[in-house]
Amino acid sequence: MAARSDPPAVALPSRDDPVVRAGSEVLGGPAGRRVRASPPRILAVLLVLTAVTCALALLQKQACRADGWTDGRMYPELCYSDVALLYSARGLADGIPVYDSSVDHEPLEYPVLTGAVMTASAWVTARLNGAADPTDRGRTFFDVTVLVLTACALATTWLVARTAGRRPWDAALFALAPGLLLTAWINWDLLAVALAAGFLLAWSRRRPGVAGALLGLAVAAKFYPVVLLGPLFLLCLRAGRLADFLRAAGTAVAAFVAVNLPVYLAYPDGWARFYTFSEQRIAGFGSVWYALDREGVGMTGGLLNAVSGGAFLLACAGIAVLALAAPRRPRIGQLAFLVVAAFALTNKVYSPQYVLWMIALFPLARPRWRDFLVWQAAEAVYFVAVWWHLEDLTSAVDITVPEWTHTGATLLRVLATVWVVGLVVRDAWYPEHDPVRADGSDDPAGGVLDGAPDVVALGTSRPEPQHAR
């Protein structure tokens, strides 16, 4: 029997993705066997695509940006953003330390690395437009923040493409994502998204210390990346690579403490604001708990925290079973997507921009355009519904927006995400469905896990591919 030929250096979506193959017919059909694209050229194209999406995202916010978010039309125009509003509401416009609770403003309810970026952007704004009126300065602050977050989006695309190994084109799922276009400038989530993507690239390059440091910084920007430690522990346990996990976890803690300790020592009450605020939050827009509340099944306080936290822990238990009992060890991209999706779905608040957390992981979990576009369509429906709902709640004018539109869009969004989660779980349990493993690869993003034999497993492992590293 003839020996199996090595897979091409770069996987081309027009050959192996049905949606891209069908779309390529407009341009003459799938790429031929002689087509070769160097990684630098692929990365350049991906960065251009990301820049175009970011430009369209700015255009989508232009209706509000033009008047500095002052005319009260940000909900009907679908252009709401926290950025300009928090500039004046959290003391940034006045140069007040954002975590100082002793002055007459509300301390910032964001982790310290995000607070540092906000403060730096406010400093640049003061140098560029310090003499302008508050509305103009707020617009400048928004523009400066957009530049910072655009850099984060570009970095995320580059990092995901590099992490994907021979599948760099999969990063186009992030670069062209409708969710990126619609939610990029709502908040500062892209900062943590980029750092979490850096963690995965460093881990894939077998540098657990660097990976841990980037993860610690990601948690210092937004709390959600801390959940990535769970899948990493489970996979390292199964592969007998706990020493690498401990190194990553140790440097993550060190990086987190190094960033947080100075702020904690200077402003202990302000530093704690993020954590107390998160604990005290009621059910917020987008969450299943809010939808239940609107239908008369509300929970508050400790009960809501217990139910929400319990639901997340139950989901984590299921992910742990999958990690340890699947016939073949799941890939790190799959489990990372699953745990972040579980965190978002069970959280007390499921803001529109939270989709960015999962968009950056989807190319490493299930790089298939059909599934991605179905999921993103549900996110787009919710994006419209939530702003209509907020306009209905806040407007003095009687608006005939049926209550069911937001609840229905919430459920559609949740069901679409659960559907994608189900596909990823199926791929992990039955690797023959996994697009990444179709060429015999094991775990291109796995680093020390790639091709490693099982040491701890709850079931009977299938053999690894012969050519896996």
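The values are calculated or read from the model by the stated rules, or taken from the named source; none is laboratory data. Keep in mind it's a predicted model, so treat the numbers as computed, not measured. With ideal geometry, Cβ positions are generated from the backbone for all residues, glycine too; neighbour counts draw on all protein chains shown.
The rows are residues; the columns are (1) among the aromatic types (F, W, Y); (2) part of a helix (DSSP H, G or I).
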position	(1), (2)
V103	no, no
L113	no, yes
D136	no, yes
F142	yes, yes
L154	no, yes
L181	no, yes
L190	no, yes
### Query
Going through segment 81-101 one residue at a time, which ones are aliphatic (A, V, I, L, M) and part of a loop (DSSP other than H, G, I, E, B)?
I96, V98
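Looking at segment 293-315, which of the residues that are part of a helix (DSSP H, G or I) and modelled with pLDDT under 90 is nearest to L390 (Cα to Cα)?
At the first step, the residues of segment 293-315 found to be part of a helix (DSSP H, G or I) are 293-294, 301-315.
With modelled with pLDDT under 90 added as a condition, the list becomes 293-294, 301-302.
Working: D293: 16, R294: 13, G301: 23, G302: 26 Å.
Among those residues, the one meeting the criterion is R294.
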### Subset of segment 338-367 [surrounded by 23 or more Cβ atoms within 10 Å (Cβ to Cβ) and in a loop (DSSP other than H, G, I, E, B)]
N347, Y350, A360, L361, R366, P367
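When only residues in segment 282-296 that are of a type in the set (D, E, K, R) and surrounded by 15 or more Cβ atoms within 10 Å (Cβ to Cβ) count, which is nearest to A342 (Cα to Cα)? Explain how you work it out, then say what you get.
Initial filter on segment 282-296 (of a type in the set (D, E, K, R)): 293-295.
Okay, now just the ones that are also surrounded by 15 or more Cβ atoms within 10 Å (Cβ to Cβ), so 293-294.
Details: D293: 20, R294: 22 Å.
Checking each candidate, the answer is D293.
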### Query
Within segment 113-154, can you find the residues that are of a type in the set (F, W, Y) and over 26 Å from A266 (Cα atoms)?
F142
### Summary
(1) of a type outside the set (D, E); (2) more than 16 Å from T410 (Cα to Cα); (3) surrounded by fewer than 20 Cβ atoms within 10 Å (Cβ to Cβ); (4) touching a residue at least 60 places away in the same chain (Cβ under 8 Å) all hold for L393 apart from (4)
### Task
Working carefully through the options L237, L242, L176, find the one that is surrounded by fewer than 23 Cβ atoms within 10 Å (Cβ to Cβ), under 28 Å from A55 (Cα atoms) and among the aliphatic types (A, V, I, L, M).
L176
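Scanning for something part of a helix (DSSP H, G or I) and either within 24 Å of the chain's Cα centre (by Cα) or crowded, with 18+ Cβ neighbours inside 10 Å (or both), does segment 65-80 turn up at least one residue? Can you show your working first?
Restricting attention to segment 65-80, the residues satisfying the condition of being part of a helix (DSSP H, G or I) are 65.
If we keep only those that are either within 24 Å of the chain's Cα centre (by Cα) or crowded, with 18+ Cβ neighbours inside 10 Å (or both) as well, we get 65.
Yes, there is a match, as at least one residue in segment 65-80 is part of a helix (DSSP H, G or I) and either within 24 Å of the chain's Cα centre (by Cα) or crowded, with 18+ Cβ neighbours inside 10 Å (or both).
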### Qualifying residues in segment 402-457 (those that are buried (at least 20 other Cβ atoms within 10 Å of the Cβ) and among the hydroxyl-bearing types (S, T, Y)) - the one modelled with the lowest pLDDT
S441
### Task
Quick one: A326 ticks every box in (1) under 28 Å from V386 (Cα atoms); (2) at pLDDT 90 or above except a single one, so which number is it?
(1)
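From the list A155, A171, which residue is under 16 Å from W357 (Cα atoms), modelled with pLDDT of 95 or more and surrounded by fewer than 23 Cβ atoms within 10 Å (Cβ to Cβ)? Give the derivation first.
Details: A171 fails: surrounded by fewer than 23 Cβ atoms within 10 Å (Cβ to Cβ).
Checking each option against the conditions leaves just A155.
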### Message
Let me confirm something: among R41, R90, which residue is basic (K, R), buried (at least 16 other Cβ atoms within 10 Å of the Cβ), more than 29 Å from A380 (Cβ to Cβ) and at pLDDT 75 or above?
### Response
R90
### Message
For segment 156-179, give me each residue that is of a type in the set (G, A, S) and either free of Cβ contacts under 8 Å to residues at least 12 places away in the same chain or assigned to a helix (DSSP H, G or I) (or both).
### Response
A161, A171, A172, A175, G179
### Query
What residue, of T251, T276, is surrounded by fewer than 22 Cβ atoms within 10 Å (Cβ to Cβ), among the polar types (S, T, N, Q), out of contact with any Asp or Glu (no Cβ under 7 Å at 6 or more places or on another chain) and farther than 30 Å from S102 by Cβ?
T251
## Note on the structure
Cβ pairs under 7 Å, 6+ apart or interchain, first in segment 31-51 and within 17 Å of A177 (Cβ to Cβ), second assigned to a loop (DSSP other than H, G, I, E, B) and at pLDDT 70 or above, ordered by first then second residue, are L49/L176
